[in-house]
Amino acid sequence: METILHGLRTVGDTTLRIVERIGAIVLFLGKILRYSGPSFQRFGLVIREMYFAGVQSLIIILVSGLFVGMVLGLQGFETLQSYGSSESVGVLVALSLMRELGPVVSALLFASRAGSAITAEIGLMKATEQLSAMEMMAVNPMARVVAPRFWGGVISMPLLAALFGAMGIIGGFLVTVVMLGVDSGAFWSQMQAAVDFHHDIVNGMIKSLVFGIAVSAIATFEGYEAPPTAEGVSGATTRTVVSSSLAILALDLLLTAFMMKGWN
Amino acid sequence: MNRTTLNLWVGIFVLLGFAAFLMLAFKVGNLSFGGAGSTYDVVAHFDNIGQLKERAPVRSAGVLVGRVQSVSFDTKHYNAEVRMAIDAQYHFPVDSSASVLTSGILGEQYVGLDAGGDDKMLKNGDEIKLAQGAMVLERLIGQFLFNKAQDGGSDKTAKGVQ
């Protein structure tokens, strides 16, 4: 009896803590938006963060996109060939990249490459009392440190997702058309016939924008709320990657379910 | 990091991102405009084009010689009008024939051109008079079953006589 009660209490406690954490992140997001004014008056701050979040993620995004597209092309060709419709491989590569893999994989990479860096930076600023020093000088750290990093991430994410998708399609093209000899006209024409600008490309961009907001909010939140110790910062960095990845996949399911209606 | 180099890199990043988006919109999506080399147009009327689509290949002896430019319904003759852009380096006699063929059983459809024997060559805007439409699988199967049933019937009567 006692063990059952204990088990139930543990489940309840964990659930409450997760809900509390989600609520705290949403409140933090509201606070970021409230103090976002200075970020747009001094846009140089956001540009600086776009450099660290966006430009420095370029290599990993471009290379991964190319490889993902190549693998999709190879696998798709292998399967479609047995039905004699290997020309449709362009459709397969483009649709899976535009609808799912582009936004999701680039967001996962962004969370581990840029999100963790944002958390570690803000967490370390807090641990070395730089944030308190700012407050002493009547500089709001939310406006000066957190909001520019948030907006830098939000603006960079859709651009990175578009680059990932474009590289993936180039990768698929290289493997299927250049290496395996699929007709190049059929590759592009079937792709263009199947991919809809609004339902596939715009919806993919909306997805990546939502992921960008989620990852940037989680990363800045974890850094800002990190315990000011070496252990605390390392734990916060890990939590950023784990909860961002879970948030991306859960939001993806939700958004896909909503957008599905437009596909049929 | 220097402020100007930082701005430069972010500028490059943003432009790359927009270029990627435009590529997705125009090259992958259906907001396309076709860039063409030098080609000439010929028209053919088919009774049935099957699944022939725009930008499908036009082949002669298996070699790609052009692309289908547009497919439309001709309200005067009640058949399909297919406009093809043929590469200017390939010339075909005016009595050439066109047929809608399929690569593989379930593969994509293309237009096959068979050269005729005339001295005069096709010019821009000419029509290919000899045109054979696509084989429709249902009709083929129907015909096959019909023939089979006829054969089976005659066999039985032959046995009955014996």
Segment A:126-164, subset small (Gly, Ala, Ser), closer than 16 Å to A:Gly223 by Cβ and away from chain B (no Cβ under 14 Å), residue nearest to the chain's Cα centre (by Cα): A:Ala147
Filtered residues of segment A:34-46 (kept if without any contact (Cβ under 8 Å) to a residue 40 or more places away in the chain and either touching a Leu at 6+ places or on another chain (Cβ under 9 Å) or at the interface with another protein chain (Cβ under 9 Å from one of its Cβ atoms) (or both)): A:Gly44
Subset of segment A:183-207 that is more than 9 Å from every other protein chain (Cβ to nearest Cβ) and surrounded by 24 or more Cβ atoms within 10 Å (Cβ to Cβ) - its residue that is nearest to the chain's Cα centre (by Cα): A:Lys207
Residue list for segment B:87-112, filter: within 14 Å of chain A (Cβ to nearest Cβ), more than 12 Å from the chain's Cα centre (by Cα) and not in a loop (DSSP other than H, G, I, E, B): B:Asp87
Out of A:Leu174, A:Leu163, sole residue that is surrounded by 24 or more Cβ atoms within 10 Å (Cβ to Cβ) and of a type outside the set (Lys, Arg): A:Leu163
Qualifying residue in segment B:41-51 (condition: out of contact with any Ser or Thr (no Cβ under 6 Å at 6 or more places or on another chain), within 30 Å of A:Phe173 (Cα to Cα) and modelled with pLDDT under 85): yes
Filter pass, B:Arg67 being free of Cβ contacts under 8 Å to residues at least 40 places away in the same chain, at the interface with chain A (Cβ under 9 Å from one of its Cβ atoms), of a type in the set (D, E, K, R) and over 24 Å from B:Gly125 (Cα atoms): no
Single condition A:Leu253 does not satisfy, out of (1) among the hydrophobic types (A, V, I, L, M, F, W, C); (2) in a helix (DSSP H, G or I); (3) farther than 16 Å from A:Ser156 by Cα; (4) in contact (Cβ under 8 Å) with a residue 24 or more places away in the chain: (4)
Residue match in segment A:128-144 (condition: over 18 Å from A:Gly102 (Cα atoms), surrounded by 24 or more Cβ atoms within 10 Å (Cβ to Cβ) and of a type outside the set (Lys, Arg)): no
Per-region count, segment B:113-149, residues part of a loop (DSSP other than H, G, I, E, B) and either of a type in the set (D, E, K, R) or within 14 Å of chain A (Cβ to nearest Cβ) (or both): 5
Per-region count, segment B:70-82, residues surrounded by fewer than 16 Cβ atoms within 10 Å (Cβ to Cβ) and touching a residue at least 24 places away in the same chain (Cβ under 8 Å): 2
Wholly enclosed helices (runs of 4 or more DSSP H) of segment A:123-198 bearing at least 3 residues in contact with a Gly (Cβ under 9 Å, 6 or more places away or on another chain) and of a type in the set (Val, Ile, Thr): A:147-173
Scan of segment A:219-238 for residues that are surrounded by 15 or more Cβ atoms within 10 Å (Cβ to Cβ), assigned to a helix (DSSP H, G or I) and touching a residue at least 40 places away in the same chain (Cβ under 8 Å), ordered by number: A:Ala219, A:Thr220, A:Phe221, A:Glu222, A:Gly223, A:Tyr224, A:Gly232, A:Val233, A:Ala236, A:Thr237
Matching residues, segment A:106-135, being basic (Lys, Arg) and within 30 Å of A:Phe164 (Cα to Cα): A:Arg113
Considering residues of segment A:75-95 that are surrounded by 18 or more Cβ atoms within 10 Å (Cβ to Cβ) and away from every other protein chain (no Cβ under 12 Å) only, the residue farthest from A:Leu163 (Cα to Cα): A:Phe77
Any chance A:Ile213 is surrounded by 15 or more Cβ atoms within 10 Å (Cβ to Cβ), of a type in the set (Val, Ile, Thr), within 14 Å of another protein chain (Cβ to nearest Cβ) and under 30 Å from A:Val26 (Cβ atoms): no
Top-ranked residue in segment B:11-26 [being farther than 25 Å from A:Gly44 by Cβ and more than 7 Å from chain A (Cβ to nearest Cβ); ranked as modelled with the highest pLDDT]: B:Leu22
Close pairs from segment B:1-21: first closer than 15 Å to A:Leu62 by Cβ, partner surrounded by fewer than 18 Cβ atoms within 10 Å (Cβ to Cβ), Cβ under 8 Å, at least 6 apart: none
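The values are calculated or read from the model by the stated rules, or taken from the named source; none is laboratory data. Worth saying up front: this structure is predicted, and the values here are computed from it rather than measured. Using ideal geometry, Cβ is built from the backbone for each residue, glycine included, and neighbour counts are taken over all protein chains shown.
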